[in-house]
Amino acid sequence: MSDADLRIDPLTGANVFVTPWRQQRPNLPEGACPFCPGGLEAPGPYDVRHFQNRWPALPDGRHEVVLHSPDHDASFPDLGEDQAARVVELWSARTAALGSRDDVAYVFVFESRGRAVGATIDHPHSQILAFEAIPPIPEYELSGGKCDFCRDQDDDLLVARRSGWQAAVPWAPSWPYELLVSPLGHVADLPTAGPELRAGLGAMLVDALTRVERLLGPDAPYMLWIHQRPAGRGDWPAAHLHLHLAPALRARGMIRHLAAAEFGAGLFFDPVDPRQAAAQLRAPSA
């Protein structure tokens, strides 16, 4: 297995990794959970834990799994701020370790939560991919040469500010209740954020996902990913650490499906006005 398995679609320019060995990975396995204490991937007790993926999308130890809690049923809101901060600290430590490798150009942290978005194990976990080259979407975000997050923001799209972070609905969201979570000051990546700001991110994630669950229901499925400065500590003026949080629902109990127009034309159609989405997420609990 090597990154030679990366193919470029000659029609669209899309990047595709061909990974047939991943077809054999467990899908909602019956019996003991491999991520619970005493399971295959966590033979002893733990608080948070990381390990190499047994069915990696990238070779040479560049695909890792991060366990958020020994509690099989815990969501981010269930973790609480302190445990969420431990998860962020592990994301940061693994970003630094993987980013120090000569064969890594970009460290990508992500979570797919819920069966509706393809999670194959229910236990709370995220994953980390360490790419040899900067992936296309982060590369596009970085190409502008100036920071989009450091300009004036539309207050109608703001959902919450706390602990040095803010959560806001994007001006042009691809997902109806998408959120951008970003530090108020210009910070390039998780390792340079420092422990206090990283702890603030844990608190912000608990806050944001509590709002999502309040609006869209308990255990609402979502995707979460982090964009940050590429490895190597080069001069990237547009690199402002941020997280994309994309709930996969357009209303409580209603999946937001990507359909032929999105995939075939490369255009997104958002059925919820972004300002309305922000107002709904800002609303206090009943």
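The calculated FRET efficiency for the pair Ala93 and Ala133, based on their C-beta separation and a Förster distance of 22 Å, comes to about 0.45.
Given a Förster distance of 35 Å, report the FRET efficiency between Arg54 and Asp9 from their Cβ-Cβ distance, rounded to the nearest 0.05. Please list the in-between numbers first.
Values: r = 28 Å, r/R0 = 0.81.
Taking R0 as 35 Å, the efficiency between Arg54 and Asp9 is 0.80.
Placing dummy labels 7 Å off each Cα toward the beta-carbon, the span from Glu196 to Glu141 is 2.5 nm. Given +1 at the Cβ of Lys and Arg, -1 at the Cβ of Asp and Glu and no other charges, the dipole of the chain around its Cα centre is 220 debye to the nearest 20. Once a ≥ b ≥ c are taken as the square roots of the eigenvalues of the Cα gyration tensor of the range 76-201, is the result rounded (a/c under 1.5), prolate (a/b larger than b/c) or oblate (a/b not larger than b/c)? Judged from the Cα gyration tensor, the range 76-201 comes out rounded (a/c under 1.5).
Can you pull the percent of the range 1-107's accessible area that's carbon plus sulfur, 1.4 Å probe, other chains left in place?
That share works out to 50 percent.
Each peptide among 15-26, 199-210 gets the average number of other Cβ atoms lying within 10 Å of its residues, and from highest to lowest they stand as 199-210, 15-26.
What's the carbon and sulfur percent of the range 162-286's accessible surface, probe 1.4 angstrom, rounded to a whole number? Spell out each step's value before the answer.
Working: 3190 of 5430 Å².
Of all accessible area on the range 162-286, carbon and sulfur atoms account for 59 percent.
Our summary of shape: the Cα atoms of the chain have principal axis extents of 47, 43, 42 Å, ordered from largest down, in whole angstrom.
Other residues lying with their Cβ under 14 Å from the Cβ of Asp148 contribute a combined charge of -1, Lys and Arg counting +1, Asp and Glu -1.
How far is it, in nm, from the label point at Met254 to the one at Trp21 when both lie 7 Å from their Cα along the line to the Cβ? The modelled label-to-label distance comes out at 4.4 nm. According to the Cα-based calculation, Rg over Rh for the range 78-134 is 1.04, with Rh computed by the Kirkwood formula. With the cut-off at under 16 Å, measuring from each backbone N in the range 171-187 to a point 7 Å along the Cα-to-Cβ line of Arg275 picks out 171-173.
Hey, what did the chain get for relative contact order, percent, Cα under 8 Å, at least 6 apart? Intermediate values should be presented prior to the final figure.
On the way: 546 pairs, mean separation 54.3, N = 286.
Relative contact order here is 19 percent.
Farthest toward the dipole's positive end in the range 53-169, which of Val109, Trp55, Cys147, given Cβ charges of +1 (Lys, Arg) and -1 (Asp, Glu) about the Cα centre? Working it through, the farthest residue towards the positive pole turns out to be Trp55.
Per-peptide packing, taken as the mean over residues of other Cβ atoms within 10 Å, places 39-49, 84-94 in the sequence 84-94, 39-49 from highest down.
Averaged per residue, what accessible surface does the chain expose to a 1.4 Å probe, in Å²? Walk me through the numbers on the way to the answer.
Working: 14030 Å² over 286 residues.
Heavy-atom accessible area per residue stands at 49 Å².
Between Leu224, Ala279, Met254, the Cα set farthest toward the positive side of the dipole of the range 219-286 (charges on each charged residue's Cβ, about the Cα centre) is that of Ala279.
The values are calculated or read from the model by the stated rules, or taken from the named source; none is laboratory data. All of these numbers come straight from a predicted model, not from anything done at the bench. Ideal geometry is used to build each Cβ from the backbone, glycine not excepted, and the neighbour counts take in all protein chains shown. All accessible areas refer to the heavy atoms of the entire protein, side chains included, with ligands and DNA or RNA removed. Shrake-Rupley method; radii C 1.70, N 1.55, O 1.52, S 1.80 Å.
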